[in-house]
Structures are given as structure tokens and as C-alpha cells.
Amino acid sequence: MAFGRRRQAEEPEKGPEATEEPAEAVDEAAEEAPANAAKAEGGPWDSEDSFPELQRLDFGSMQVPIAPGLGFQVNFEATQVDEEGNPLDGRPVAVLVQYEESAMQLQVFAAPKRSGIWDDVRRETAKDIEEEAQGQTQEGEGPFGPELLAMIPAALTEEVLAEMPQEVREQIPQEFVDQGWAPQIIRFLGVDGPRWFLQAVVQGAAIEDEEQWQVLEDVLRGVVVVRGDAPMPPRDLLELRIPKEFSEAGENGEEQGGEETFNPFERGPEITEVR
């Protein structure tokens, strides 16, 4: 099975034959692996690292670089609903970075002190996609290590098509409309850090378009994770908060008719708080 773009790692040159090492040395190296994984070629960074100074939005447990052309949204999960199931309150659970026709969702989780969780998360994600979504997956090596590429059938019902903007609808091949579904390609990347795990989920043109992907890759490399000292069960989401720029944009939006936007550059990112 082959679909989408793959960024295969170059085959390493064979070095000297491996020699036996004491078990303690091997165990110690294994314990340190997650902490070093994020530093292999730069970031993502731990807040205790010495990292490059960039202009970043502070989401609490994540500090995300900003640059001209980027847009940001915060995704919320309902914590309270009314009798009809409408959300009354919620908590921020993910940051969505948008660039042209591409999007990258970022989430950061607690992880064990001496082991990473990306291998397990990747296997479980692939199993869920194949068994529950009737999709296909394939693993490969990317710029941050092992990653997962998935193809998930996306329904194209009359209701879905009716809600699409006309310019989007016109780009869908007729054969997909006739069969009632279209292949949706999603790329999953993960980075194990010291007591944290950062997951990036990429969709849109950046799956194939190298230029758009490079912009998102640079954002991911510039992320700083603030784990904190509080003990947390592995896989619990680290707390996100709304940056002050969102609040300022919201206040300005109320004065201008309710639209919440923030533009740190003249033609830079638009930031929207989604409730």
C-alpha cells in the first residue's frame, strides 16, 4: 500500500560491529532517550533547555512560534452541557496552526519520567483507524523520527456537500461525489520529551506540498513545552491557557462587532478563540 508523500530517512552507513555493554549502561541510555529525542535536530524544546529566542504565543504548557502568514485557533472540549447537549463550558485542549491550505493540530501530554509513549500511541492510533474508521495506515521515518500516515474515508453526503463553501465543493473530483466519500490523508507526528509527549496532526496541502510543510515543520521545531513539576498520570493533557493576545483581540473585536482577531504583523496571523 502506498499513498501520499513519505519522507524516508536516508539509510545510515554501517559502522563498526556493536560490542556488548554492561546492562546498567544500556538501561541508563534507554532511560535518557525520551529526554534527548526532542534535541536531535533542534526542537521541539523543553522549557529547561537553552532554546532559540523567537516570538511565541504563550499557551501555558506550550509556547508556539508565530510568523507572517500563520493563523491560530484554540480547540475546546465541552466540560458542561445543557439538557439538549449544547456546550455550556469547556477547556482548551489543542492549538491549531493554519498556513494557506494546510493545518497542524498540536497537543501536549504528560508522560512517564523514564520512557516515551509515542511508540504505543502510534500503534493504538493505527489500530483505531484501521478497525473503527475502516482506513489504511503506513509507518515511516520523518524529520522527527517514526511517524504515521493514514488514509481515512471521509463521507460526502448531500448534507456535507451543502455545507461546503462553493469554491471547496468545486475542487472535489466528481468520482468522489458519485461514490459518496473521499480519501482524507492525515499525517501523525510525535516527539517524546522529558516527562511530556507532543503530538502534531497535519492535514491539507502540506501532505504533498513541500513548501507548505516546511513552514509547519519550522513551527513544530520552535515549540517550547512547559511541563511543570506537578505529578500527572501519563497521557493526561497538560493544561492550556488562552494567550493574552487572544483576550486583547477579543476586546477589540467586541468594539468592532464581535470578531476576535489578532495581527502581530501587518499581514500576519489571524488568531481566533473558538468556544
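The values are calculated or read from the model by the stated rules, or taken from the named source; none is laboratory data. Everything quoted here is computed from the prediction, not taken from an experiment. When we count neighbours, we look across all protein chains shown, and the Cβ atoms used for this are built from the backbone with ideal geometry, even at glycine. Note: areas computed on protein heavy atoms with side chains; ligands, DNA, RNA excluded. Shrake-Rupley method; radii C 1.70, N 1.55, O 1.52, S 1.80 Å.
Among the strands (runs of 3 or more DSSP E) contained in the range 119-226, which hold 1 or more residues that are basic (Lys, Arg) and open to solvent by less than 70 Å² (accessible area, probe 1.4 Å)?
181-193
How many residues, within the range 70-90, are without any contact (Cβ under 8 Å) to a residue 24 or more places away in the chain and surrounded by 13 or more Cβ atoms within 10 Å (Cβ to Cβ)?
Here the count works out to 1.
Which of the residues spanning the range 227-244 are farther than 25 Å from residue 52 by Cα, touching a strand residue (DSSP E or B) at 6+ places or on another chain (Cβ under 7 Å) and either open to solvent by less than 40 Å² (accessible area, probe 1.4 Å) or not charged (D, E, K, R) (or both)?
232, 233, 234, 237
Out of everything in the range 96-118 that is of a type in the set (A, V, I, L, M, F, W, C) and closer than 17 Å to residue 236 by Cβ, what residue ends up being most open to solvent (accessible area, probe 1.4 Å)?
109
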